[in-house]
Amino acid sequence: MHLARLCSAALLATTLFVPLIATSAHASVTRVRQGSAADVSRSGWAGPAYVMNGSGAVEPATMTSALTAVRGGTGTLDVVVIAGSGSTTPECDVVMGLSGVNSCTTLTLTTATDGNNAQVNTDIRNAEFVYFAGGDQCRYAGWKGTGLEASVESVVAKGGGSGGGSAGLHLNSDIVYDACGGSATSATALANPYSAAMTFTTGMFGWPNYLNTINDSHFVARDRMGRTMAFVARAIADGHTTAGKSWGIGIEEGGSFVIDRNGLATLSGQNAYIVLGDHTPERVAPGQSLTYSGYKIWRITPGGTFDFKNRPTCGYYLRSVTNGTPSANLYNGTPVTDCSGGDGSPPSITETEPNNSRSAANTATVPATVAGDMATSRDRDYYKLALAAGRTLTADCAVPSAYDADVYLLNSGGGTLTRSVNDGTGTDETVTHTNTGASTATLYLDVEAYSGTGTADYTCTLTTT
């Protein structure tokens with residue numbers, strides 16, 4: 001039996017170590033609970049939210065943001081950490097120092113059949129956030145189809161969250177690079193995208209707004225851009241994606257995305273890269289080197305955002321692979337700035353109800369046109385925006401003749417930055433705001449019914465200068 005995971009001295013008084021006999025006669029599950037022995041009981045949660053870390057450790061800033069989003073800013077919750085090896089509790093040691101945490105339970109599972117352990121699944125289902133530690137993602141992929149998979153999915157479905165780092169990061173993408181044939185390098189992956197080390201698991205976790213993705217970790221430190229390019233080409237060629245598109249998500253060591261319920265990812269720590277393949281590879285075949293032209297790559301820096309629900313059509317730079325040799329300077333480039341999507345107009349986003357509060361806001365990546373209606377006399381439509389430092393946002397809103405609507409720009413805490421409240425049905429509204437801060441700001445566009453109702457759409461054109 002594996003040794004119990006040891007807790008820090010400060011937490012010994014609130015730690016429960018329980019060895020669990022797993023379904024396999026030769027394996028065991030180790031359970032260490034820190035904090036309260038009783039689970040939180042609450043009728044509803046405000047997530048889902050996710051954390052995606054480039055290395056195995058919990059990143060306090062993004063984990064706090066995710067847990068706060070799940071809690072809705074109030075009360076406490078329970079966290080479960082799942083690992084495949086080890087005898088310490090580094091993840092829970094960090095989590096227990098964060099606000100709003102009732103307990104953190106570390107579960108060490110050593111075989112695939114441990115995914116059906118009754119206590120394991122009870123712990124997971126009673127938790128509000130599940131974090132997969134670093135380790136061996138091939139072992140983790142073995143939990144596909146077990147009770148563990150369904151239990152984690154139930155946590156997200158009730159408004160909780162999921163995430164992980166390193167191997168745990170891989171497991172949380174739609175298409176999992178499972179490394180069951182060994183760890184591929186960029187050189188080997190580009191030379192033969194069907195080499196023995198290029199193995200994948202599909203059909204496990206398909207998180208909302210995060211479909212068609214393949215995560216990769218330790219990205220720049222281990223020079224993994226080339227292998228992610230090969231991952232993307234394989235996913236398209238093998239039919240694992242929809243619409244013939246695949247998105248590689250590469251996160252550097254110390255980098256961490258927190259992704260909110262609307263699919264908006266905010267990065268902290270270190271850089272991340274989004275690699276889009278949007279056409280059939282020119283050549284991807286067993287035993288042959290990869291050729292693929294025109295990967296679209298977004299370089300996200302700390303404080304930056306990426307909208308996985310409404311994925312952008314600009315801001316990328318282009319790189320290619322020819323006969324297994326990639327372009328130079330893979331990790332930086334001059335971005336394409338035409339956001340029109342090819343027809344000269346910004347992308348259009350139609351509201352999705354309910355969006356009548358900041359916590360339920362629809363996400364829009366500027367420039368864009370957002371549209372909705374004032375279906376009731378108390379209707380409010382919120383849109384969450386990111387405005388870079390030094391940039392000026394303008395929202396020009398055309399209001400139909402059926403009603404009078406007012407428009408507000410709010411800061412991240414809900415305070416009014418500026419407003420437009422012109423009188424009269426069918427009267428247009430315009431608001432403008434400059435981010436004078438040193439970092440990207442989160443803003444909310446609030447369109448409110450003042451008088452009248454109707455199903456005719458208002459349209460707000462969002463631009464920056």
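The values are calculated or read from the model by the stated rules, or taken from the named source; none is laboratory data. Note that the coordinates shown come from a computational prediction; the quantities given were computed from them, not determined experimentally. So basically every Cβ, Gly included, is an ideal-geometry build from the backbone, and we count neighbours across all protein chains shown.
Odds and ends about this structure:
- Only one entry in Asn355, Asn362 is among the polar types (S, T, N, Q) and either free of Cβ contacts under 8 Å to residues at least 40 places away in the same chain or over 20 Å from Ala69 (Cβ atoms) (or both), namely Asn355.
- Hits in the range 90-123 - residues which are among the aliphatic types (A, V, I, L, M), under 23 Å from the mean Cα position of the chain (by Cα) and either at positive phi or surrounded by 24 or more Cβ atoms within 10 Å (Cβ to Cβ) (or both): Val95, Val101
- Among the residues making up the range 367-393, those that are surrounded by fewer than 24 Cβ atoms within 10 Å (Cβ to Cβ), outside any strand (DSSP E or B) and of a type outside the set (Lys, Arg) are Pro367, Asp373, Ala375, Thr376, Ser377, Asp379, Ala388, Ala389, Gly390.
- Candidate set from the range 395-449 (those that are charged (D, E, K, R) and either in contact (Cβ under 8 Å) with a residue 24 or more places away in the chain or surrounded by 16 or more Cβ atoms within 10 Å (Cβ to Cβ) (or both)); member that is farthest from Thr465 (Cα to Cα): Asp404
- Residue match in the range 155-172 (condition: under 18 Å from Met229 (Cα atoms), surrounded by fewer than 24 Cβ atoms within 10 Å (Cβ to Cβ), in the same structural domain as Val95 (by TED's automatic domain parsing) and of a type outside the set (Gly, Ala, Ser)): no
- Any pair with Cβ under 6 angstrom, 6 or more apart, that starts in the range 287-299 at a residue that is of a type outside the set (Gly, Ala, Ser) and ends at one that is surrounded by fewer than 16 Cβ atoms within 10 Å (Cβ to Cβ) and in a strand (DSSP E or B): Thr291/Thr322
- Out of Ala49, Ala66, Ala37, one residue alone is modelled with pLDDT of 95 or more, assigned by TED's automatic domain parsing to the domain that holds Lys158, out of contact with any Lys or Arg (no Cβ under 7 Å at 6 or more places or on another chain) and crowded, with 24+ Cβ neighbours inside 10 Å. It is Ala66.
- Gly135 being at positive phi and surrounded by 19 or more Cβ atoms within 10 Å (Cβ to Cβ): yes
- Qualifying residue in the range 286-299 (condition: in contact with an Asp or Glu (Cβ under 9 Å, 6 or more places away or on another chain), outside any strand (DSSP E or B), surrounded by fewer than 19 Cβ atoms within 10 Å (Cβ to Cβ) and not aromatic (Phe, Trp, Tyr)): no
- Here Pro302 meets each of (1) without any contact (Cβ under 8 Å) to a residue 12 or more places away in the chain; (2) closer than 19 Å to Ala441 by Cα with one exception, condition (1).
- Number of the condition not met by Gly147 [criteria: (1) touching a helix residue (DSSP H, G or I) at 6+ places or on another chain (Cβ under 7 Å); (2) within 19 Å of Met52 (Cα to Cα); (3) among the small types (Gly, Ala, Ser)]: (2)
- For the range 368-382, the set of residues classified as closer than 19 Å to Thr305 by Cα and either among the acidic types (Asp, Glu) or at pLDDT 95 or above (or both) consists of Tyr382 only.
- Under the condition of being in contact with an Asp or Glu (Cβ under 9 Å, 6 or more places away or on another chain) and either in a helix (DSSP H, G or I) or of a type outside the set (A, V, I, L, M, F, W, C) (or both), the residues counted in the range 121-133 number 4.
- Selection within the range 216-249: residues that are closer than 22 Å to Ser289 by Cα and polar (S, T, N, Q). The member of this set that is surrounded by the most Cβ atoms within 10 Å (Cβ to Cβ) is Thr228.
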